[in-house]
Amino acid sequence: MKTQVIKINENSIDIKALEKAADIIKVGGLVAIPTETVYGLGADGLNPEAVKKIFQAKNRPGDNPLILHIADFQDIYRLAKDIREDDLVILKKLWPGPLTVVLKKKDIVPLEVSAGLETVAIRMPDKDVTRELIRLCKSPLAAPSANLSTKPSPTNALDTLEDMDGRIEAVLDAGPCSIGIESTVLDLTEDVATILRPGFYTREFLANYWQDVELDTALKNDKQAPKSPGQKYKHYAPNAEVRVLVANKKIFLEESKKILDNNKDKKIGLMVFEDSLKDFVSYESVNLGNRDNLLEMSKILFEGLRQLDKKGVDLIIVNGVEEKGYGASIMNRLKKSASGNVKIY
Ligand code: TXA
Ligand code: MG
């Protein structure tokens, strides 16, 4: 299959181009779509045959459910039932945005989307062009991150093509994503709102809206089975081995020098904050931006892992951050990239 790239300028949306993408989706094809978090692999979320193709294209395990992306608030009523009035009021404030909620599903949602569960994950992405596409499709779009299963999520069209070229009909290219890690997944089916996957919206932030916000116990304890099936799989892993050092500038320099000295036979890449770049000029390195602005880090995180893979490095050393606030969401991804190889100083 030849994968088309459909370029779109967000500031002056070419409806003809969007219609091309919608036409593919309406007949059951796959189109990778931009969102503010990461690129998604979109299909008609109410068409079971189209949804099955998503699992094939990604090599995704069949028990890992998909998020339905909606364009307008009222779409939620078509897909979910028994929604609390208070939750609706809050969602009206937080959507569109990087928040996915898990609710009881209506029968219209195929079991292929929910992977057999009686719940459905729903999100309204904060990208006008993507919401416009969803409207043209007249159906919610099922869309997991557009990577091959186990790989880092793509945050631009080129990285999407790296995994999906030849596997899907088209990529809608609206440039790079502004957040770079996936949405926060919040379960609203129990008494207390529970974070199943951390993201840009942190527990602290969500506590401004919900009185109680808990973290799924599996996020705190590795032995517990996660409620979000996707959390249990190998994930966000480049080909290279990854080691994360949670340290300030000085200690990171000392500790990474030790690793570099002990691994002279390996090609090593680094992901460091801009204040450390000059310490590693003779190595392949990725700039994580300002240590005090973690959005700069999340925006480049997955792209950086892919870039270093392309340079053919064997080992990637990453300057990790403290697990608090947004840092906890970033570290949730990094720990998986590193298969738990994280040292805290
Ligand atoms: O930012 C995002 O959320 C991106 C963009 C494309 O919207 N999408 C994304 O989808 O990250 P995916 O499929 O890669 O991750 C969805 C996560 C998985 O961990 C999945 O197990 C969980 O949401 N999930 C989906 N439906 C669920 C449900 N009914 N109950 C519990 N967890 C669910
Ligand atoms: Mg994913």
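When only Cα pairs below 8 angstrom with a gap of at least 6 residues are kept, the chain shows a relative contact order of 19 percent. Dipole check for the range 83-242: with +1 at the C-beta of Lys and Arg, -1 at the C-beta of Asp and Glu, and the Cα centre as origin, the magnitude is about 200 Debye.
Each label was represented as a point 7 Å from its Cα along the Cα-to-Cβ direction; for Q56 and F73 these points are 4.0 nm apart.
Along its first, second and third principal axes, ordered by size, the range 224-345 spans 44, 30, 24 Å in Cα coordinates. Summarising the overall dimensions of the chain from its C-alpha atoms, the Rg and Dmax are 19.9, 61 angstrom. Magnitude of the charge dipole for the chain, about its Cα centre and with charges confined to Cβ atoms of Lys, Arg (+1) and Asp, Glu (-1), is about 700 debye. Across the range 255-333, the mean sequence separation of Cα contacts (distance under 8 Å, 6 or more residues apart), normalised by length, yields a relative contact order of 31 percent. Model label sites at E49 and K266, defined 7 Å from Cα along the beta-carbon direction, differ in position by 4.8 nm.
Just to verify a number: FRET efficiency for I344 and A225, C-beta to C-beta distance, R0 = 22 Å, to 0.05? Computed FRET efficiency for I344 and A225 comes out at 0.30. In the range 1-155, the alpha-carbon atoms span a convex hull of 108 Å³ per residue.
Can you give me the Cα centroid spacing of the range 212-287 and the range 170-201 in angstrom? Comparing the Cα centres of the range 212-287 and the range 170-201, I get a distance of 21 Å.
With N set to the number of residues, divide the alpha-carbon radius of gyration of the range 77-196 by 2.2 N^0.38 Å and report two decimals.
Values: Rg = 15.3 Å, N = 120, 2.2 N^0.38 = 13.6 Å.
For the range 77-196, the normalised Cα radius of gyration is 1.13.
Taking 0.36 nm per residue of separation and subtracting the Cα-Cα distance, full extension of the segment from D82 to E322 would add 82.6 nm.
Between N239 and R135, what is 0.36 nm times their sequence separation minus the Cα-Cα distance? Round to one decimal in nm.
Once the chain is fully extended between N239 and R135, it gains 33.7 nm.
Here the range 19-48 and the range 293-345 have alpha carbon centers that stand 29 Å from each other. Projected onto the charge dipole of the range 92-144 (+1 at Lys/Arg Cβ, -1 at Asp/Glu Cβ, origin at the Cα centre), which of M124, P140, L111 gives the Cα projection farthest towards the positive end? Positive-most Cα among the choices belongs to M124. At an R0 of 22 angstrom, the distance between the Cβ atoms of K258 and S282 translates into a FRET efficiency of 0.85. Remark: the range 1-126 carries a charge dipole of roughly 320 debye about the Cα centre, counting +1 on each Lys and Arg Cβ and -1 on each Asp and Glu Cβ. For the residue pairs K26/K127; K2/K234; K138/K336; K151/K220; K220/K264; K53/K105, the alpha carbons lie more than 25 Å apart in K2/K234; K138/K336; K220/K264.
Read-outs throughout are calculated quantities, based only on the coordinates presented, and are distinct from any laboratory measurement. All values derive from a computational prediction rather than experimental measurement. All Cβ positions, even for glycine, are placed from backbone atoms using ideal geometry, and neighbour counts span all protein chains on display.
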